[in-house]
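The structure appears right after this line, and notes come after that.
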């Protein structure tokens, strides 16, 4: 009889102790809308006198919207140069840096009608823009990457400072010049985005989106080249839990 009482008291003690354990549950919510992903929600936690813990997700649907401007919902990066007159033409090789000159920057100067076009009417570069936007009601931290399919041997790219400024390239091997690779290359790390106000918002909050411009060109080698064919680049953003969104650029 005493042994049964001891077991009963032991069970009651374990049950009492278990009520003292506070558990924080992290919820990951995913909503797929065209090309969307997910990130961690932040929680408001409250504890009662009986040690019950409650958590409320900051939003019912966490999503990133890849678009070509802060107020649109297009998932396709848009071509900003060359103009529509030359957009369908293939690229020809072009130096990024030659004779102590940032040739790539020079190629991008001028009016909107002749950016990335040489004096013979050849297309020498292509510039695409896209915007990553946090459409949730929680802060998100993301990484941006790019990888290529069927890149030509001398295909290069560089992240532009803004819509009109090519990186300050000071040599043919400048670190801003990136080789097109079939492996993912990170172009932004730990980008923090505040909530935008929802997926239908046409006036997203400041800090909830970031616009990028990438310039592509076939690097001139000064000798016979075999660059030909169509290439594509996949832009992806992933959240801290590894899920994310992608969009593709095709030459």
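In segment 162-188, how many are under 13 Å from residue 146 (Cβ atoms) and within 18 Å of the chain's Cα centre (by Cα)?
Of all residues in segment 162-188, those under 13 Å from residue 146 (Cβ atoms) come to 178-188.
Cutting the leftovers down to within 18 Å of the chain's Cα centre (by Cα) gives us 178, 180-188.
Adding up the residues that qualify gives 10.
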- prompt: Checking residue 173 against (1) part of a loop (DSSP other than H, G, I, E, B); (2) touching a helix residue (DSSP H, G or I) at 6+ places or on another chain (Cβ under 9 Å), which single condition isn't satisfied?
  reply: (2)
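Residue-by-condition table, conditions (1) in contact (Cβ under 8 Å) with a residue 12 or more places away in the chain; (2) more than 15 Å from residue 217 (Cα to Cα); (3) touching a strand residue (DSSP E or B) at 6+ places or on another chain (Cβ under 9 Å); (4) surrounded by fewer than 20 Cβ atoms within 10 Å (Cβ to Cβ):
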residue: 111; (1), (2), (3), (4): no, yes, no, yes
residue: 133; (1), (2), (3), (4): yes, yes, yes, no
residue: 136; (1), (2), (3), (4): yes, yes, yes, no
residue: 142; (1), (2), (3), (4): yes, yes, yes, no
residue: 155; (1), (2), (3), (4): yes, no, yes, no
residue: 159; (1), (2), (3), (4): yes, no, yes, yes
residue: 173; (1), (2), (3), (4): no, no, no, yes
residue: 179; (1), (2), (3), (4): yes, no, yes, yes
residue: 194; (1), (2), (3), (4): yes, yes, yes, yes
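Which of the residues that make up segment 181-191 are surrounded by 12 or more Cβ atoms within 10 Å (Cβ to Cβ) and under 16 Å from residue 211 (Cα atoms)?
Start the filter on segment 181-191 by keeping residues that are surrounded by 12 or more Cβ atoms within 10 Å (Cβ to Cβ), which leaves 181, 184-185, 187-188, 191.
Residues satisfying the conditions are 187, 188, 191.
Bear in mind that the values in this text are calculations on the coordinates, not laboratory data. What you are looking at is a predicted structure, and each value in this text was computed from that prediction instead of being measured. Glycine also receives a Cβ, built like all others from the backbone with ideal geometry; neighbour counts cover every protein chain displayed.
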